[in-house]
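Only one structure is covered here, and it is reproduced in the block below.
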Amino acid sequence: MIGRLNHVAIAVPDLEAASAQYANTLGAKVNAPQDEPDHGVTVVFIELPNTKIELLYPLGDDSPIKGFLEKNPAGGIHHICYEVDDIIAARDKLKESGARVLGTGEPKIGAHGKPVLFLHPKDFNGTLVELEQV
Ligand code: CO
């Protein structure tokens, strides 16, 4: 059911410093920061030949990244995103198997303008999983 690894998201305490590190030290293609008010994050996409890295920084007071950075002040891997062909079919199959879908259970439009859903980390070996319909 899942396809390619779309991205790995890393929460960072300093978006500018992390972006500069990927651009200059690691020599990656780093895009401009993008505010995502619906998700409470500012995102910087880094394009790698086979996938993307998504740097996440809190946007607004009730950002889901805020608590994560309080627990992980140096930053850390926040979620991984797998591609699916049909997000509703994937969601229904996962729910049948007992996996918990976060939020309302309805897909939101993600940072790439495509429908996304998040799955409870306790159901996936401690990893927050995002599904993106491509
Ligand atoms: Co993501």
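When the criteria are applied in full, ALA89 fails the requirement of being over 18 Å from ILE10 (Cα atoms), away from the ligand (no atom under 15 Å from the Cβ) and in contact with a strand residue (DSSP E or B) (Cβ under 6 Å, 6 or more places away or on another chain).
Can you tell me which residues in segment 104-127 are in contact (Cβ under 8 Å) with a residue 24 or more places away in the chain and open to solvent by less than 30 Å² (accessible area, probe 1.4 Å)? Scanning segment 104-127 gives GLY110, ALA111, VAL116, LEU117, LEU119.
Criterion applied to PRO13, PRO73 was being in contact (Cβ under 8 Å) with a residue 24 or more places away in the chain, exposed (fewer than 12 other Cβ atoms within 10 Å of the Cβ) and in a loop (DSSP other than H, G, I, E, B), and the one residue passing it is PRO73.
Of the set (1) in contact (Cβ under 8 Å) with a residue 24 or more places away in the chain; (2) under 17 Å from the mean Cα position of the chain (by Cα); (3) open to solvent by 30 Å² or more (accessible area, probe 1.4 Å), all apply to ILE46 but (3). Considering GLU83, GLU54, the condition of being within 13 Å of the ligand (Cβ to nearest atom), open to solvent by 20 Å² or more (accessible area, probe 1.4 Å), acidic (Asp, Glu) and part of a strand (DSSP E or B) is satisfied by GLU83 alone. None of ILE53, ILE80 is touching a His at 6+ places or on another chain (Cβ under 9 Å) and over 24 Å from ASN24 (Cβ atoms) except ILE80.
Does ASP92 satisfy the condition of being part of a loop (DSSP other than H, G, I, E, B) and either of a type in the set (Val, Ile, Thr) or free of Cβ contacts under 8 Å to residues at least 40 places away in the same chain (or both)? The answer is no for ASP92.
Would you check if GLY67 is assigned to a helix (DSSP H, G or I) and open to solvent by less than 40 Å² (accessible area, probe 1.4 Å)? So GLY67 fits the description; yes. Only residues that are open to solvent by 60 Å² or more (accessible area, probe 1.4 Å) and within 21 Å of ARG4 (Cβ to Cβ) were counted in segment 86-103, giving 3.
Per the listing ASN6, ASN24, the residue uniquely modelled with pLDDT of 95 or more and assigned to a helix (DSSP H, G or I) is ASN24.
The values are calculated or read from the model by the stated rules, or taken from the named source; none is laboratory data. Everything numeric in this text was worked out from a predicted model, so none of it was measured. Heads up, the Cβs are rebuilt from the backbone with ideal geometry, glycines too, and the neighbour counts pull from every protein chain shown. SASA here: full protein model, heavy atoms, side chains in, ligands and nucleic acids out. Shrake-Rupley method; radii C 1.70, N 1.55, O 1.52, S 1.80 Å.
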